[in-house]
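Student: This is the structure, below, for whatever I ask next.
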Amino acid sequence: MKIHRERIDLESHTAIEFMDISEHVQDVVDRSGIREGQALIYVPHTTMGITINHNEPMLIQDFMRILYRLVPVDDQYSHDLFELRRETMSDGRSNGHSHCKAIVLGNSETVPVEKGKLMLTERQNIFAVEFDGARKRDVVVQVTGY
Amino acid sequence: MKIHRERIDLESHTAIEFMDISEHVQDVVDRSGIREGQALIYVPHTTMGITINHNEPMLIQDFMRILYRLVPVDDQYSHDLFELRRETMSDGRSNGHSHCKAIVLGNSETVPVEKGKLMLTERQNIFAVEFDGARKRDVVVQVTGY
Amino acid sequence: MKIHRERIDLESHTAIEFMDISEHVQDVVDRSGIREGQALIYVPHTTMGITINHNEPMLIQDFMRILYRLVPVDDQYSHDLFELRRETMSDGRSNGHSHCKAIVLGNSETVPVEKGKLMLTERQNIFAVEFDGARKRDVVVQVTGY
């Protein structure tokens, strides 16, 4: 049993962005040499999430609308006032809503690996979801198996 | 350390359905021969989710109501218009809402295995949740351990 | 490859409570002696969830507000009527909303372990989230690796 870990470097370009990292994750699996096992895709950040779904631009627009409605940007978040008062608000970002969106999606997903391939069907894509961009980001991929 | 993987075949009978697969998953653990480790329960689909909770019919009705309210069926989803125009809408299904419900639940859960048994308490059941039925479906169960 | 499992005993003091268990989880990793691998943090309960985010009191207040709005306490939940009629409602608790909040967060998170440390950045904390307190509770931590 082997463990192979890599960081994927990303750069988001807008405030909220679904970044399709499926090919990057498969590349890590390829480099690991692991044929049977699983891949953990994990974000070491508090204003990002991981999800798996179909990469269809109109569907992503639907996802964004649902997430905006669950956690509206134009609400008042206590976190923003706290950071403002403490002068810890980085670059003047009010990102209370970003943290709240992140906890809906969760920090990781795990995908089984069979014969060296992620068990994703044709319409499944792995997204690193940015809720507080634009920023430089990274995602950890850890492949376990033999 | 051993990896044992099986697919569980399912068939949903309604549009939204909580399918209790706890016994099926335990059967896979039994057949794996693994006594200590963990079971990954993963859906290779974009309009299904996995969750663990109490299998009590009234509670499931509550879950459905919450999910309907978060992601109403009677909203307009851009994904549905896209598929309609591209003539890729399978069987005339408008399932934009199904994808959006799926990302709230997530694609997998992982449960520790102790002495050959899933560490589920009396009121915990594993559900494969259908959001775009009725359909034939499958779920991947991967047990890792020794 | 080794598997090390422990239960962390907790006690919640209010109905809804974000309990920061990051140090407890790191202690389990330390005791496991595992340097490279991953930690599964899992709740064997149906009215609790696990999430990872920043432990900032105002932000936790924002999380609670979002969760209350998604799943209001003052709605009527069929589960509560069911348990009331069956006389299985423990201590007169109406906790339909607690179960519904739990399925939004999910039962577990998995965090990679590098050089004996959980791969958490400075602002990431692991929370066991109580939705039906005050109660005595436990959380399972399972570390796998070498």
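Student: For the range C:26-52, what are the residues that are of a type in the set (S, T, N, Q), surrounded by 23 or more Cβ atoms within 10 Å (Cβ to Cβ), in contact (Cβ under 8 Å) with a residue 60 or more places away in the chain and touching a Lys or Arg at 6+ places or on another chain (Cβ under 9 Å)? If you could, list the steps in order and put the result at the bottom.
Tutor: We begin by selecting, within the range C:26-52, every residue of a type in the set (S, T, N, Q); these are C:26, C:32, C:38, C:46-47, C:51.
Going one step further and asking which of them are surrounded by 23 or more Cβ atoms within 10 Å (Cβ to Cβ), we end up with C:38, C:46-47.
Still in the running and in contact (Cβ under 8 Å) with a residue 60 or more places away in the chain: C:38, C:47.
Correct list: C:Thr47 only.
Student: Additional query: I'm trying to understand the selection: among the residues of the range A:7-25, which are crowded, with 18+ Cβ neighbours inside 10 Å and away from chain B (no Cβ under 14 Å)? Spell out how you get there, then give the answer.
Tutor: So in the range A:7-25, the residues crowded, with 18+ Cβ neighbours inside 10 Å come out as A:10, A:12, A:16-19, A:21, A:24-25.
If the condition is that a residue be crowded, with 18+ Cβ neighbours inside 10 Å and away from chain B (no Cβ under 14 Å), then A:Leu10, A:Ser12, A:Glu17, A:Met19, A:Ile21, A:His24 are the ones that fit.
Student: How many residues does the range A:120-146 contain that are within 11 Å of another protein chain (Cβ to nearest Cβ), open to solvent by 20 Å² or more (accessible area, probe 1.4 Å) and either out of contact with any Ser or Thr (no Cβ under 7 Å at 6 or more places or on another chain) or free of Cβ contacts under 8 Å to residues at least 24 places away in the same chain (or both)?
Tutor: Residues in the range A:120-146 being within 11 Å of another protein chain (Cβ to nearest Cβ), open to solvent by 20 Å² or more (accessible area, probe 1.4 Å) and either out of contact with any Ser or Thr (no Cβ under 7 Å at 6 or more places or on another chain) or free of Cβ contacts under 8 Å to residues at least 24 places away in the same chain (or both): 5 in total.
Student: Now a separate question. Just to verify a result, which residue in the range B:81-91, among those that are open to solvent by 20 Å² or more (accessible area, probe 1.4 Å) and in contact with a helix residue (DSSP H, G or I) (Cβ under 9 Å, 6 or more places away or on another chain), is modelled with the highest pLDDT?
Tutor: The selected residue is B:Leu81.
Student: Which ones in the range C:106-119 are touching a helix residue (DSSP H, G or I) at 6+ places or on another chain (Cβ under 7 Å) and within 14 Å of chain B (Cβ to nearest Cβ)?
Tutor: Matches in the range C:106-119: none.
Student: Looking only at the range B:53-71, filter to residues that are open to solvent by less than 60 Å² (accessible area, probe 1.4 Å) and of a type outside the set (A, V, I, L, M, F, W, C); which one of those is nearest to the chain's Cα centre (by Cα)? It would help to see each step written out before you state the result.
Tutor: From the range B:53-71, those open to solvent by less than 60 Å² (accessible area, probe 1.4 Å) are B:53-54, B:56, B:59-60, B:62-64, B:66-67, B:70-71; that's our starting set.
Subset that is of a type outside the set (A, V, I, L, M, F, W, C): B:53-54, B:56, B:62.
Numbers: B:Asn53: 12, B:His54: 14, B:Glu56: 17, B:Asp62: 17 Å.
Of everything passing the filter in the range B:53-71, B:Asn53 is nearest to the chain's Cα centre (by Cα).
Student: Quick one: C:Ser94 ticks every box in (1) surrounded by fewer than 18 Cβ atoms within 10 Å (Cβ to Cβ); (2) at the interface with chain A (Cβ under 9 Å from one of its Cβ atoms); (3) among the polar types (S, T, N, Q) except a single one, so which number is it?
Tutor: Just one mismatch for C:Ser94, condition (2).
Student: Give me a count of the residues in the range A:39-54 that are more than 14 Å from A:Glu6 (Cα to Cα) and within 10 Å of another protein chain (Cβ to nearest Cβ). Break it down stepwise before answering.
Tutor: Just the residues of the range A:39-54 that are more than 14 Å from A:Glu6 (Cα to Cα), to begin with: A:45-54.
Retained after the next criterion (residues that are within 10 Å of another protein chain (Cβ to nearest Cβ)): A:45-47, A:49-54.
Summing the residues that are more than 14 Å from A:Glu6 (Cα to Cα) and within 10 Å of another protein chain (Cβ to nearest Cβ) in the range A:39-54 gives 9.
Student: Residues being outside any helix (DSSP H, G or I) and touching a residue at least 40 places away in the same chain (Cβ under 8 Å): count how many of those fall in the range C:88-119. Full working, then the answer.
Tutor: Going through the range C:88-119, the residues outside any helix (DSSP H, G or I) turn out to be C:88-89, C:93-95, C:106-119.
Keeping just the survivors that are touching a residue at least 40 places away in the same chain (Cβ under 8 Å) gives C:95, C:106-118.
Qualifying residue count, the range C:88-119: 14.
Student: Still on this structure: On the given criteria, is A:Asp74 more than 30 Å from C:Glu114 (Cβ to Cβ), more than 9 Å from every other protein chain (Cβ to nearest Cβ) and open to solvent by 20 Å² or more (accessible area, probe 1.4 Å)?
Tutor: Details: more than 30 Å from C:Glu114 (Cβ to Cβ): yes; more than 9 Å from every other protein chain (Cβ to nearest Cβ): yes; open to solvent by 20 Å² or more (accessible area, probe 1.4 Å): yes.
Yes; evaluated as a whole, the condition is true for this residue.
The values are calculated or read from the model by the stated rules, or taken from the named source; none is laboratory data. In this text, all values refer to a predicted model and were calculated from it rather than measured experimentally. Counting neighbours? That spans all protein chains shown, and the Cβs are built from the backbone with ideal geometry, glycine included. Note: accessible area is taken over every heavy atom of the protein model, side chains too, but ligands, DNA and RNA are not part of it. Shrake-Rupley method; radii C 1.70, N 1.55, O 1.52, S 1.80 Å.
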